[in-house]
Amino acid sequence: MNHALKDGTVGKALLMLDIIADAEQSLRFNNILALSPFPKATTYRLLQTMTSQAMLSYDAESQKYSLGMRLVRLAHHAWKQASLGPIASPYLNQLASEVGETVHLAQIENGQVLFIDKRHTSQRFETLAQVGRIAPAHCTGVGKVMLAYMQPERQDYALQRQTYIKFTNTTITNKEALLDELITIKREGVAYDKEEHENGIISIAAPILTSSGQVMGAISIATSTSRHTLEDLTQYRDVLDATTKAVSAEAELYLHPTSGS
């Protein structure tokens, strides 16, 4: 907090963003003011400036502030430049071309999935998962497979941040049921999205792991139920596994150059 006070307007603005991000929910002005070290006028001015710049979003009906789309976009670009995105890109191209289905690359932070790349090979269907979009982990193939391979402490932290919102009739809606499925996923090495996030969309996902077993991300192959069944997706296990292993091997050279030593 002292650093924010010393770093001028930029430091103060970043502190406001931290307050709202740490809350993990939209906040009213009075809630933010209670957490702000700044006077009421200063806090209000900072919020207004960041809202006008789309770093924050303000809902007039609920009178609440939340993180803005410009901030999400900037975060996505920063993450893509310093993450698996550039490394995985050619492998995603090859995978999508081989299977003829939609391919997603995702990472996880604070229990939420961020889709950082996508290959869409069919015009006959579309998925909610778009590059830069955040999605829950408890109801997505990539989310569940990353949860399954997390170390216990990190996994517990992520599970506490699931909303368990019911999107479809097959969505897992409680921690106990999700934990049971995570055991199965880790045993089998892949996760399936059984129309849990959106009706008519299924996927198979595998983790991208370091040589020490740390989760770096996940890749999924998604399709529509009008094209394939869940059983059909098993045909992609080998090529999906080969792709995640190839991405992992190259990523360790660039992102974790000493992890294998």
Enumerated helices (runs of 4 or more DSSP H) restricted to the stretch 144-261, each holding at least 3 residues that are farther than 26 Å from LEU92 by Cα, without any contact (Cβ under 8 Å) to a residue 40 or more places away in the chain and of a type in the set (A, V, I, L, M): 175-188
Tally, over the stretch 4-32, of residues that are surrounded by fewer than 16 Cβ atoms within 10 Å (Cβ to Cβ) and touching a Lys or Arg at 6+ places or on another chain (Cβ under 6 Å): 1
Test: residue in the stretch 26-42 that is under 20 Å from the mean Cα position of the chain (by Cα) and not assigned by TED's automatic domain parsing to the domain that holds GLU153: yes
Residues that are within 16 Å of MET150 (Cβ to Cβ) and crowded, with 17+ Cβ neighbours inside 10 Å, drawn from the stretch 191-213: ALA191, ALA205, ALA206, PRO207, ILE208, LEU209
Failed item in (1) under 20 Å from ILE208 (Cβ atoms); (2) at pLDDT 85 or above, with THR163 passing the rest: (1)
Residue selected from the stretch 42-67 under the condition polar (S, T, N, Q) and in contact with a helix residue (DSSP H, G or I) (Cβ under 8 Å, 6 or more places away or on another chain), by the criterion farthest from SER26 (Cα to Cα): THR42
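The values are calculated or read from the model by the stated rules, or taken from the named source; none is laboratory data. If you're wondering where the values come from, they're calculated on a predicted model, not measured in any experiment. No Cβ is skipped: glycine too gets one built from the backbone with ideal geometry, and neighbour counts run over all protein chains shown.
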